[in-house]
Amino acid sequence: MTYVVIDNCIECKYTDCVEVCPVDCFYEGENMLVIHPDECIDCGVCEPECPADAIRPDTEPDMEEWVEFNRKYSEMWPVIITKKDQLPNADERDGEEGKLAKYFSETPGEGG
């Protein structure tokens with residue numbers, strides 16, 4: 001099992017999860033985070049830290065595409081290990097449907 005980040009993170013990018021990750025497997029895009037599924041040790045400490053409910057185990061239904069999504073972008077984006085402020089519209093965008101099609105950016109974040 002591994003954990004992955006789903007589209008709930010897009011345009012929110014809360015980073016509470018990165019501080020508790022013991023293996024630094026989070027990677028930062030411009031407007032979301034991903035988890036490298038081959039680096040995640042399945043400890044689960046990140047999942048309850050996410051205010052947007054964006055971290056899910058890959059054992060949930062229909063997670064295969066999210067595993068590959070997380071793998072792809074974790075290999076393109078920089079690692080993030082330090083908590084940062086959420087995006088300015090996080091409260092407004094939290095819980096919004098269809099964020100992948102509306103807002104997703106492939107642009108890397110700053111990492112750090």
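Just so it is clear, none of the values below were taken in a lab; they were calculated from the coordinates. Worth saying up front: this structure is predicted, and the values here are computed from it rather than measured. Cβ coordinates were reconstructed from backbone atoms using ideal geometry, including for glycine residues, and neighbour counts include every protein chain displayed.
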Segment 25-48 residues near the modelled Glu106 label - backbone nitrogen below 17 Å, point 7 Å along Cα→Cβ: 28-34
Where labels lie 7 Å past Cα in the beta-carbon direction, separation of Asp42 and Glu97 in nm: 3.3 nm
Segment 1-43: mean projected area of Cα convex hull, nm²: 2.9 nm²
Range of Cα positions in the chain per principal axis (Å), largest first: 32, 31, 26
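Kindly state, as a whole number, the per residue volume in cubic angstrom of the convex hull around the alpha carbon atoms of segment 31-85.
Once divided by residue count, the hull of segment 31-85 is 105 Å³.
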